[in-house]
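Notes follow the structure.
The values are calculated or read from the model by the stated rules, or taken from the named source; none is laboratory data. As the structure is a prediction and not an experimental result, all values here were calculated from the model. Heads up, the Cβs are rebuilt from the backbone with ideal geometry, glycines too, and the neighbour counts pull from every protein chain shown. Quick note on the areas: whole protein, heavy atoms, side chains included, nothing else; ligands and nucleic acids left out. Shrake-Rupley method; radii C 1.70, N 1.55, O 1.52, S 1.80 Å.
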Amino acid sequence: MTDLLISEIAAAVRAREVMAVDVVTAALARIAVVEPELCAFTEVWGEAAVRRAREVDEQVAAGVRLPLAGVPFAVKGRYGERAADAVRLTAAGCVALGATSVPAPGSGTPWQTWGLGSGGRTVNPWRADRVPGGSSAGAAAAVATGLVPLATGADGAGSVRIPAAWCGVFGLKSTNGRLPHPDRTGLSTAGAVARRAADLRAYWQCVAGGDGRAVDTAGGTPSGGDQEDARRPLTAVWSDSLGFARTDPGPALVAHGAALRLDGAGVVRLLPPGDAPVRLDDPGPAWLALRAPETRDGSPGDTAAAYRLRTVNDRRLADLFSRADLLLTPTTPNPPHGHEGPRDRYSTALTWAFNLSGHPAASIPAGFGPDGCPVGLQVVARHGEEETLLRVMAEAEERAGLRAPLAR
């Protein structure tokens with residue numbers, strides 16, 4: 001089942017060519033083999049998942065239409081089943097197999113680029129001595145190894161995009177506020193990771209609640225649109241720093257190579273740097289002030305300065321997106337670090353600007369760095385244009401060959 005699209009699994013279950021309980025049992029068996037070393041889960045809900053799969057089979061037999069019947073997925077963290085997107089996936093027939101790892105409470109590090117599963121630290125599927133990224137750490141690791149085709153996440157500073165990049169899978173961060181999310185600061189939003197672009201399209205079709213045009217969950221262009229228009233290259237701007245970040249040569253070169261492949265395949269048309277210059281102010285201080293409005297000694301943080309910086313960057317991004325359809329960057333300025341921690345490096349440097357601005361963003365597998373770990377290409381679109389990102393991801397996979405290999 002690791003090579004089947006979500007739509008193909010669901011179609012087979014609906015046609016009763018395979019039973020949901022068999023799909024779920026096979027996924028649980030793979031988890032049992034890989035999980036002791038990977039540590040991607042805090043909890044595996046084996047018995048509950050099999051019960052739910054039997055319910056799906058009974059509903060299908062009774063003629064209930066379940067668009068994602070029998071599709072196994074994982075949720076982020078212990079309370080992930082309560083998230084709005086997970087609730088909608090379950091209602092569509094998906095079966096949650098367990099809760100994926102996140103950083104442990106009181107970890108003392110603000111970087112959140114690691115996870116702690118029930119059996120220990122979550123490892124990067126490509127190099128066990130490196131972290132998988134986070135905070136949706138187990139989600140990306142589980143998807144990269146084929147334990148589940150889809151896992152939900154939440155992205156507050158890059159928490160979906162960073163692990164997607166470092167585990168070599170596709171990751172989608174939705175427009176802030178587009179889906180219900182409990183984050184009081186408004187910086188975090190729902191998202192998901194998958195090995196196949198079409199699976200993220202199926203996710204979005206399900207959880208967006210009919211918002212926007214209908215899509216074909218087997219892949220391809222949105223239905224109801226002009227096919228020729230959908231194949232026309234989107235204008236894109238490349239930046240390896242956003243005007244402030246110190247990006248290592250390795251991730252920058254691999255991600256830029258992926259951007260050139262998109263251009264060469266006619267997916268995007270890269271504009272000369274002067275056509276839409278990218279010069280943002282470093283969003284780090286503003287993000288930190290808004291996320292934790294009190295300083296360590298309990299005094300108020302400088303939120304007024306944070307809002308001023310946000311306003312400046314929002315104006316610059318609005319100008320950029322008036323000239324180009326997309327902004328392309330490396331997903332992270334650095335490769336995956338070891339389990340000892342990132343020291344003083346912010347792996348979020350290129351991602352959290354778009355949690356402040358609210359733009360939807362994705363990470364696409366770009367290839368492998370000199371360390372043998374995956375690198376991600378970040379793609380940012382205008383507010384509300386998740387469909388554009390889904391199109392780019394699908395065409396990156398189909399036309400430019402930017403695919404997510406199966407780890408292990």
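Taking the Cα centre of the chain as the origin, how large is its charge dipole in debye, to the nearest 20, when only Lys and Arg (+1) and Asp and Glu (-1) carry charge on their Cβ atoms? Spell out each step's value before the answer.
Details: 42 positive and 43 negative charges, 49 e Å.
The dipole magnitude comes to about 240 debye.
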What's the longest bit of the chain with no exposed GluC sites (Glu not before Pro), using DSSP loop states and at most 15 other Cβ atoms within 10 Å as the test?
-> 18-339
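Give a quick list of chymotrypsin sites (Phe, Trp or Tyr not before Pro) in segment 17-106 that DSSP marks as loop, anything other than H, G, I, E or B, with at most 15 other Cβ atoms within 10 Å. Walk me through the intermediate numbers first.
Numbers: sites: Phe41, Trp45, Phe73, Tyr79; in loops: Trp45, Tyr79.
When the chymotrypsin sites (Phe, Trp or Tyr not before Pro) of segment 17-106 are filtered for loop state and at most 15 Cβ neighbours within 10 Å, Tyr79 remain.
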Tabulate in residue order the Karplus-calculated ³J(HN,Hα) for segment 308-315, using 6.51 cos²θ - 1.76 cosθ + 1.60 with θ = phi - 60°, rounded to whole Hz; enter x for Gly and Pro.
-> 5, 4, 4, 4, 4, 5, 4, 5
Calculated from DSSP helices alone, with each H run of at least 4 adding -39500 (n - 2.57) and the total divided by the residues of the chain, [θ]222 nm to the nearest 500 comes to -11000 deg cm²/dmol
Search the structure for amide H atoms under 5 Å from the amide H of Arg269, placed 1.01 Å from N in the peptide plane, and list their residues when 5 or more places away or on another chain.
-> Leu234, Thr235, Ala236
Please list the radius of gyration and Dmax for segment 124-189, considering alpha-carbon atoms only, with Å as the unit.
-> 12.1, 37
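With a 1.4 Å probe and every protein chain kept in, tell me what percent of the accessible surface of the chain is carbon plus sulfur. Mind showing how you got there, number by number?
Numbers: 8230 of 15870 Å².
Ligands and nucleic acids excluded, carbon and sulfur reach 52 percent.
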Between Thr303 and Arg269, what length comes free when the chain is fully extended (0.36 nm per residue of separation minus the Cα-Cα distance, one decimal in nm)?
-> 8.4 nm
Which FRET efficiency, nearest 0.05, do Asp22 and Arg345 yield, Cβ-Cβ r, R0 60 Å?
-> 0.85
Given H placed on each backbone N at 1.01 Å, which residues far from Thr175 in sequence or on other chains put an amide H within less than 5 Å of it?
-> Gly384
Roughly what angle does helix 249-264 make with the longest principal axis of the chain, taking Cα atoms, 0 to 90 degrees, to the nearest 10?
-> 70 degrees
For the pair Arg279 and His383, how long in nm is the line joining their label points, each one 7 Å along Cα→Cβ?
-> 2.5 nm
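Taking the Cα centre as origin and putting +1 on Lys and Arg beta-carbons and -1 on Asp and Glu beta-carbons, what dipole magnitude results for segment 28-75, to the nearest 20 debye? Walk me through the numbers before you get to the answer.
Working: 5 positive and 7 negative charges, 41 e Å.
In total the dipole reaches around 200 debye.
Hey, what's the chain come to in accessible area per residue, 1.4 Å probe, Å²?
Working: 15870 Å² over 408 residues.
Solvent-accessible surface per residue comes out at 39 Å².
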Quick one: angle between helix 386-398 and the longest Cα principal axis of the chain, in degrees between 0 and 90, rounded to 10, please.
-> 70 degrees
Quick one: helix 20-38 against the long Cα principal axis of the chain, what's the angle to the nearest 10°, folded into 0 to 90?
-> 50 degrees
Could you go through segment 269-277 in sequence order and give the Karplus-derived ³J(HN,Hα) for each residue, using 6.51 cos²θ - 1.76 cosθ + 1.60 with θ = phi - 60°, rounded to whole Hz, and x for Gly and Pro?
-> 10, 5, 8, x, x, x, 6, 8, x
Tell me which residues come under 5 Å, amide H to amide H, from Phe41 once H is placed; ignore anything under 5 positions away on its chain.
-> Ser101, Ser118
Under a Gaussian network model of the chain whose springs join Cα atoms within less than 10 Å, the largest fluctuation of Arg391, Arg201, Arg323 belongs to Arg323
Between Pro365, Pro67, Pro272, find the one with the highest GNM mean-square fluctuation for the chain; connect C-alpha pairs within less than 10 Å.
-> Pro272
For the chain, modelled as a Gaussian network with Cα springs under 10 Å, which listed residue fluctuates most, Ala142, Ala197, Ala286?
-> Ala286
Taking 0.36 nm per intervening residue step and subtracting the Cα-Cα distance, what contour gain separates Asp129 from Ala61 on full extension?
-> 19.8 nm
